[in-house]
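Values in this text are rule-based calculations from the coordinates and carry no lab data. What you see is a predicted model, and the numbers here were worked out from it, not measured in a lab. Heads up, the Cβs are rebuilt from the backbone with ideal geometry, glycines too, and the neighbour counts pull from every protein chain shown.
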Amino acid sequence: MKTINVFTENIFQGWELDEKDIIDKTKKMIEIFISTLFENTCLNGYEYNSLTLDILFCNSEKTHELNRDYRGKDKPADIITFAIFADDENRFVFDGDIYLGEIIIALDKVIEMVNKDISNAQNREQELFFLISHGLMHLLGFDHQTEEEYNFTIGEQRKALRGIEYDKI
């Protein structure tokens, strides 16, 4: 198995995260996605020794700013993904490493969604890992512009979540 580097930063004051657990589970989900979906990922056809990605945990003010400045959407988001490798037609591997990109998650939105019961998550950790798995699918080149693509993406996320014992019903 290739090396997987996951770097996290939590700038949200309202939720003390177990970042080691998040890193370990994120790596496991990537391994699951690669083992089952490799031929359909943006990695197919590239030689590499390691994969790297960043996860930033912040508030919805930050995702609002990023959404407005980079996506032209003047509203906060629960998750924003910058799929650097998947979205770049000039993909490159530097020193054997592929930088997949960055996942940005607004933790206040996660808490709000679970508290308002507008997600199917039983708890906020479950919702958090659902969002991380969703971001990983984007980093690996998957999108969901059609209902079929959406159902496929959600189905693969559920498989990965079962693999880390955080299945979202």
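At a glance:
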| read-out | value |
| --- | --- |
| The range 77-131: chymotrypsin sites (Phe, Trp or Tyr not before Pro) in DSSP coil with no more than 16 other Cβ atoms inside 10 Å | PHE92 |
| Isotropic mean projected area of the C-alpha convex hull, the range 123-169 (nm²) | 3.1 |
| Alpha-carbon radius of gyration plus Dmax, which is the widest Cα pair, for the range 3-163 in Å | 15.3, 46 |
| Lysines with Cα under 29 Å of LYS116, excluding same-chain neighbours fewer than 8 positions away | LYS20, LYS25, LYS62, LYS73, LYS75, LYS159, LYS168 |
| Mean residue ellipticity (222 nm) of the chain, computed from DSSP H runs ≥ 4 via -39,500 (n - 2.57), nearest 500 | -14500 deg cm²/dmol |
| Rg over Rh [alpha-carbon atoms, Kirkwood Rh] for the range 74-169 | 1.00 |
| Cα centroid separation - the range 3-19 against the range 53-114, whole Å | 14 |
| FRET E, pair THR146, TYR46, Förster distance 41 Å, beta-carbon r, rounded to 0.05 | 0.95 |
| Assigned charges on the beta-carbon of Lys, Arg, Asp, Glu; the chain dipole about Cα centre (debye) | 280 |
| Residue order, fewest to most surrounding Cβ atoms within 10 angstrom, among SER35, SER133 | SER35, SER133 |
